[in-house]
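Chemist: This is the structure, below, for whatever I ask next.
The values are calculated or read from the model by the stated rules, or taken from the named source; none is laboratory data. These figures come from a predicted structure and were not determined experimentally. So basically every Cβ, Gly included, is an ideal-geometry build from the backbone, and we count neighbours across all protein chains shown.
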Amino acid sequence: MYEIARNIQKLSLIGQLSAALVHEIRNPLTSIKGFLQLIESGIIEKNYFDIIHSEFQRIELILSELLVVTRPQVTVFHKQSIQSIIHHVIALMQPQATLHNIELISNLANEPLWIECDENQLKQVFLNLIKNSIEAMPNGGQIRIDVTKASSFTKIRIIDQGCGIPKDIMDKIGQPFFTTKKNGTGLGIMISRKIIEIHKGIMNIQSEEKKGTTITIQLPLYTLNIS
Ligand code: ADP
Ligand code: MG
């Protein structure tokens, strides 16, 4: 029953996304089609190749980000310590952080905190969030990643010193394709939130403009009586 419930959740996610996705992909496709027609009719030269190429890359990026949650395979849940997941993600993000003069400081609870999760999906969440923090700190600084135990939950906080989110757009954050970045997809927060929901957790965003952003995630700790 548990698996079926999760799959239904995933299906409704696909439903919610479809309309926005069609809209988002249609733009670059229309642009590509137009350029191909102009080239075919000899109106413009072949040197519009770069535009076509970058539009294709945009479609590819959008589809690859969406693939994480809409992949048809059944989500596989395993018992895993949250610390090992965070540890792995920090190692993956280290080069990008160093490149941007950013120090990743982690403070992980000593005792292993076990959760039931799809490890790859959760890694995707923390990659998305740390990437956002790095992108919000063009002048460098520190990003803190804390993992603590709070009764039957584990609490993960990602605290940055970045540009923060202006109050008037806070409501829009996490809507599919809402981005303030030139090359953003506006999918990271939405996908992360959905993955956390699939894991029966919650994700919260607190932010102050020019001060920084704190993302708090709570995930239920593994208990033996979960089937
Ligand atoms: P993208 O990163 O492609 O723009 P996201 O869904 O990851 O898409 O983020 C949506 C928007 O939320 C970003 O464009 C940015 O405006 C805002 N945002 C997310 N995380 C942060 C952060 N840590 N600091 C400041 N703004 C953020
Ligand atoms: Mg992002």
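Chemist: Among residues belonging to segment 117-160 that are away from ligand 1 (no atom under 16 Å from the Cβ), closer than 11 Å to ILE85 by Cβ and of a type in the set (D, E, K, R), point out the one that is surrounded by the most Cβ atoms within 10 Å (Cβ to Cβ).
Modeler: Step by step, filter segment 117-160, then rank; the result is ASP118.
Chemist: List pairs: first residue in segment 187-208 and closer than 25 Å to ASP168 by Cβ and within 11 Å of ligand 1 (Cβ to nearest atom), second residue outside any helix (DSSP H, G or I) and modelled with pLDDT under 95 anywhere in the structure, Cβ distance under 6 angstrom, at least six positions apart or on different chains.
Modeler: From residues that are closer than 25 Å to ASP168 by Cβ and within 11 Å of ligand 1 (Cβ to nearest atom), the pairs are ILE189/GLY174; MET190/GLY174; MET190/PRO176; ARG193/GLY174.
Chemist: From LYS172, LYS181, grab the single residue that is within 16 Å of ligand 2 (Cβ to nearest atom), over 15 Å from the mean Cα position of the chain (by Cα) and not hydrophobic (A, V, I, L, M, F, W, C). Steps first, answer last, please.
Modeler: Working: LYS181 fails: over 15 Å from the mean Cα position of the chain (by Cα).
Matching residue, one of LYS172, LYS181: LYS172.
Chemist: Among the candidates ALA136, ALA150, single out the residue that is within 12 Å of ligand 2 (Cβ to nearest atom), of a type in the set (A, V, I, L, M, F, W, C) and within 26 Å of ASN107 (Cβ to Cβ).
Modeler: None of the other options fit; the residue is ALA136.
Chemist: Grab the helices (runs of 4 or more DSSP H) fully contained in segment 1-116, keeping just those with 1 or more residues being at pLDDT below 85 and loosely packed, with under 11 Cβ neighbours inside 10 Å.
Modeler: The helices (runs of 4 or more DSSP H) meeting that bar are 2-40, 49-70.
Chemist: Another question, then. Is it true that some residue in segment 129-142 is part of a strand (DSSP E or B), charged (D, E, K, R) and out of contact with any Leu (no Cβ under 7 Å at 6 or more places or on another chain)?
Modeler: No, the conditions are met nowhere in segment 129-142.
Chemist: Here's another thing I want to ask about it. For residues in segment 185-206 being within 14 Å of ligand 2 (Cβ to nearest atom) and part of a strand (DSSP E or B), which is surrounded by the most Cβ atoms within 10 Å (Cβ to Cβ)?
Modeler: By that ranking, first place goes to MET203.
Chemist: Give LEU127, LEU92 a once-over and let me know the one that is within 16 Å of ligand 2 (Cβ to nearest atom), under 18 Å from ILE189 (Cβ atoms) and without any contact (Cβ under 8 Å) to a residue 40 or more places away in the chain.
Modeler: Matching residue, one of LEU127, LEU92: LEU127.
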